Amino acid sequence: MSQINLGNFQQPSATGGCHVCFASGIPTSRAPCVKTLVHGDQRRLFNTSNSRMTIMPAWVIDRYGSNDVLRFTKNAGFPIINYPNEVVVQVHAAGLNPIDVSMRGGYGAATMAMKRDPLNINQSGSEFPLILGRDMSGVIMECGLDVAPAYFKEGDEVWAAIPPWKQGSLAEFVVLSANEVSKKPKCLSHIEAAAVPYVAATAWSALVNTGGLNKDNCAKKRILILGGSGGVGTFSIQMLKAWGAHVTVTCSQNAERLVRGLGVDHVVDYTAGPVEVPLRALEKFDLVLDNVGGDTESWALGLLKPWCGAKYVTLVTPFLRNTDRLGIADGMLQTGVTVASKALKHLSKGVHYRWGMFAPNGLALDDISEMVDAGKIRAVVEEEFTFSQVPQAMLKVEKGHARGKTVVKISSGEDSAE
């Protein structure tokens, strides 16, 4: 049985010869044979051999719990293309987010199970072994037949924010829909690129889809970001400043230099006392983005301009906790009642109350990639770990008080875990 090496990947010839796609330490019985298929007016390559790579190195969990549930394996199932619009990507770097720590503990399990298995055919626990990691930067290794070469082809460097119901990026390969993937900015390394997609998609969903902001209407608007030094905060600052907004953030004193370096106009230190006191002394805002939660709702909406279409958008919502605690039907009902009652309550005061949530968006990443290459947005990487250090990286994220993103380097065997 031969051993395959990630660094020696070879493209098949256009004449339909056979090739070997090699990955370090991954056994395969023989090379797949590649032939040419005429699909409309396009000539595409496809594998005719039933002998494919079936396993890969990955960090998995077999149950929900604390950091000790993380397990390294060289025998994780190799991702396969099930739909013609999917691509297989070799992961070069993976970014970690607080959602990974929460999912490790079972957060959102009920809702994610419904997304994976809408008809409830599989038994409980069928998601295991589960691979965490929502950020990815890597290289496309295989494309489904409906993925137009004009958009993506084998060898393209891409980045993506992986939906939480799919297997994640703490593995050497991942399969994604083409509409979740975007060309990686040319000016970023894979490490830097892996720090952006999930927070970018989350911020885009909150500020653009929910908040109604865009590059044409953002100039001179006053935006407040509660919790400005983390991943979503640091990205939101840069995007809003690129669009001409006036940005105020709350953060600790030791993060002030970071956020000011990103272009923030005003900083309020939340460690100096009740943060709402200095904020109330400022001119009112057009939008508040809340990354903190807790009791902020009790005073943050009072900072908005009344009867001007101003919005409070919070990313800290009880939706997944409701479905975990009450089940899908009752949890969604409870969620609907909660958000509707709060929206009506605050609408009577002339401000809008909204929930923001992550949404995978390859088209948004296209726009963000252009902004990155134009020098308007940069990746903020706080710390880099090797593939063998995934447990330490998860502990780093779990401690909180982020000053940017935590990224894991996943390369072709160079950082394999022992």
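The values are calculated or read from the model by the stated rules, or taken from the named source; none is laboratory data. All of these numbers come straight from a predicted model, not from anything done at the bench. Cβ sites come from the backbone with ideal geometry, for glycine too, and all protein chains shown count toward neighbours. Side chains are part of the model used for accessible areas, which takes the heavy atoms of the whole protein and leaves out ligands, DNA and RNA. Shrake-Rupley method; radii C 1.70, N 1.55, O 1.52, S 1.80 Å.
Only one of the numbered conditions (1) without any contact (Cβ under 8 Å) to a residue 60 or more places away in the chain; (2) hydrophobic (A, V, I, L, M, F, W, C); (3) in contact with a Cys (Cβ under 7 Å, 6 or more places away or on another chain) is violated by L347, and that is (3). Considering the range 352-383 alone, what residues qualify as being open to solvent by 20 Å² or more (accessible area, probe 1.4 Å) and in a strand (DSSP E or B)? Answer for the range 352-383, where residues must be open to solvent by 20 Å² or more (accessible area, probe 1.4 Å) and in a strand (DSSP E or B): H352, R354, W355, V381, E382, E383.
For P391, the conditions (1) more than 18 Å from the chain's Cα centre (by Cα); (2) open to solvent by 50 Å² or more (accessible area, probe 1.4 Å) all hold with the exception of (2).
Annotation note: Cβ proximity below 7 Å between a residue of the range 352-365 that is over 15 Å from P163 (Cβ atoms) and a residue that is open to solvent by 50 Å² or more (accessible area, probe 1.4 Å) and acidic (D, E) (sequence gap 6+ or interchain) occurs for no pair. Is it true that D146 is more than 30 Å from D62 (Cα to Cα) and touching a Pro at 6+ places or on another chain (Cβ under 6 Å)? Considered against the rule, which asks whether it is more than 30 Å from D62 (Cα to Cα) and touching a Pro at 6+ places or on another chain (Cβ under 6 Å), D146 comes out as yes. Return yes when P163 is in a loop (DSSP other than H, G, I, E, B), on the phi < 0 side of the Ramachandran plot and open to solvent by less than 10 Å² (accessible area, probe 1.4 Å) and no when it is not. Considered against the rule, which asks whether it is in a loop (DSSP other than H, G, I, E, B), on the phi < 0 side of the Ramachandran plot and open to solvent by less than 10 Å² (accessible area, probe 1.4 Å), P163 comes out as yes. Just one residue in the set S126, S169, S182 is outside any helix (DSSP H, G or I), among the hydroxyl-bearing types (S, T, Y) and open to solvent by 10 Å² or more (accessible area, probe 1.4 Å); that residue is S126.
Of the set (1) touching a residue at least 24 places away in the same chain (Cβ under 8 Å); (2) of a type outside the set (K, R); (3) open to solvent by less than 50 Å² (accessible area, probe 1.4 Å); (4) farther than 25 Å from M357 by Cβ, all apply to E283 but (3). Is there a residue being more than 17 Å from K409 (Cα to Cα), open to solvent by 50 Å² or more (accessible area, probe 1.4 Å) and in contact with a strand residue (DSSP E or B) (Cβ under 7 Å, 6 or more places away or on another chain) anywhere in the range 83-90? Looking for residues that are more than 17 Å from K409 (Cα to Cα), open to solvent by 50 Å² or more (accessible area, probe 1.4 Å) and in contact with a strand residue (DSSP E or B) (Cβ under 7 Å, 6 or more places away or on another chain), one finds at least one in the range 83-90, hence yes. Within the range 393-418, residues that are at pLDDT below 95 and aliphatic (A, V, I, L, M) sit with their Cβ atoms under 6 Å from residues that are open to solvent by 10 Å² or more (accessible area, probe 1.4 Å) and outside any loop (DSSP other than H, G, I, E, B), at 6+ positions apart or across chains, in these pairs: A417/F72; A417/S388.
The rows are residues; the columns are (1) assigned to a strand (DSSP E or B); (2) more than 21 Å from the chain's Cα centre (by Cα); (3) modelled with pLDDT under 95.
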| residue | (1), (2), (3) |
| --- | --- |
| L45 | yes, yes, yes |
| A58 | yes, no, no |
| G65 | no, yes, no |
| A76 | yes, yes, no |
| V89 | yes, no, no |
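Results for (1) touching a residue at least 24 places away in the same chain (Cβ under 8 Å); (2) closer than 21 Å to N75 by Cα, shown as yes or no for each residue.
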{"residue": "E127", "(1), (2)": "no, yes"}
{"residue": "L130", "(1), (2)": "yes, yes"}
{"residue": "S137", "(1), (2)": "yes, no"}
{"residue": "G144", "(1), (2)": "yes, no"}
{"residue": "A150", "(1), (2)": "no, no"}
{"residue": "Q167", "(1), (2)": "yes, yes"}
{"residue": "V174", "(1), (2)": "yes, yes"}
{"residue": "H190", "(1), (2)": "yes, no"}
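Of all the listed residues (T271, T323, T248), the sole one being assigned to a helix (DSSP H, G or I) and open to solvent by less than 10 Å² (accessible area, probe 1.4 Å) is T323.
Looking at the range 193-207, is at least one residue surrounded by fewer than 22 Cβ atoms within 10 Å (Cβ to Cβ), over 16 Å from V313 (Cα atoms) and not small (G, A, S)? Checked against the condition, which is being surrounded by fewer than 22 Cβ atoms within 10 Å (Cβ to Cβ), over 16 Å from V313 (Cα atoms) and not small (G, A, S), the range 193-207 yields no hits at all. Among residues that are open to solvent by 30 Å² or more (accessible area, probe 1.4 Å), modelled with pLDDT of 95 or more and β-branched (V, I, T), T386 is included.
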